[in-house]
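Here is the structure we will look at, set down as structure tokens.
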Amino acid sequence: METRLNKYIAQTGLCSRRKADELIKQGKIKVNDKVVKDLGYKINPKKDKVFYQGKELKPEKKEVFIKLYKPRGYLSELGKDKFGRKTLTDLFKELGIKEKVYPVGRLDYDSEGLLLLTNAGDYAYKISHPKFKVPKTYLVEVEGNVNLETFNKMKKGIMLEDGFLKPDDLKIIKKKKNKTLLEITIHSGKKRVIRRFMKAFGHPVIRLIRQRIGNIKLDDLNKDTKWKYIDKKTIQEMIKRYDKRNYFK
């Protein structure tokens, strides 16, 4: 049975499907002895061999799921950063995470909070791709007092440079002196989209913390317990809730 090359790569635990597409376009993936740059390329896993940097990629036998509190000051990617910034590879070493996992979706360098990690490509795809509308909830502290007029405009959404964004839910939690704390839920995976959304209304973000992805919460992670394993059933239940085709049974 044939499978798409990016899906196969994700199943090996090397990276997500999105990152696999980047590697394919860059000519870094070989199938047998041939460099493949076609994003729609399919392989026969029983006959074909896939290589990255000279190493054969094989599907992981054990599926691993982890939830992590990502602090500010870390990129949500593996390996070394060309500008010397810390990445998840550094954080894994600091926290003693030895599993071969990669991040599900993004959480930018200046943001913190819940990040899911896995080596299971199909599950990562279902959680992170916007078309499945898995909601992500954030606490956002912004500059200035958000008045009722602006709040109502925020709820209706706004056109950004890469498309329209309307929150799935939006609440004002607390108003401080020259600051407002909001809770916002979205399913978009676009880069720095909440920061751009708030700035468009004249309220730049001071602090951004992701609290929830689907039914998985941050609340039992803290300064002492910074990561935990998640059982597969929890992930399956979340995906079934949002995937109307019940891909995972």
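A short reminder: the numbers here are calculations on the coordinates, not readings from a lab. Note that the structure is predicted; figures quoted are calculated from it, not measured. Positions of Cβ are generated from backbone atoms using ideal geometry, with glycine treated the same way; all protein chains shown enter the neighbour counts.
What to note about this one:
- The stretch 135-213, relative contact order [Cα under 8 Å, separation at least 6], %: 47 percent
- The Kirkwood radius of the stretch 67-197, taken over pairs of alpha-carbon atoms, gives through the Stokes-Einstein law at 4 °C and 1.567 mPa s a diffusion coefficient of 79 µm² s⁻¹.
- Contact order normalised by residue count of the chain, Cα under 8 Å, 6+ apart, percent: 20 percent
- Mean projected area (nm²) of the alpha-carbon convex hull when the chain is viewed from all directions: 15.1 nm²
- With 10 Å bins from 0: P(r) over the stretch 135-213, alpha-carbon pairs, percent: 19, 61, 20, 0
- Debye log10 I(q)/I(0) at q = 0.13, 0.18 Å⁻¹ for the stretch 1-105, Cα point scatterers: -0.53, -0.92
- Choice from 118, 150, 185 with maximal GNM fluctuation in the chain (Cα, 10 Å cutoff): 150
- Selection from 200, 173, 154, by position along the positive dipole direction of the stretch 143-214 (Cβ): 173
- Subtracting the Cα-Cα distance of residue 224 and residue 155 from 0.36 nm times their residue separation leaves 21.2 nm of extension gain.
- In range of the label at residue 175: residues from the stretch 187-206 whose backbone nitrogen is under 16 Å from the point 7 Å along Cα→Cβ: 203
- Scaled radius of gyration (Cα, divided by 2.2 N^0.38 Å) that the stretch 3-57 gives: 0.94
- Rounded to the nearest 20 debye, the dipole size of the stretch 135-213 about its Cα centre is 240 debye, using +1 on the Cβ of Lys and Arg and -1 on the Cβ of Asp and Glu.
- Rounded to 10°, Cα long-axis angle of helix 232-242 versus longest principal axis of the chain: 60 degrees
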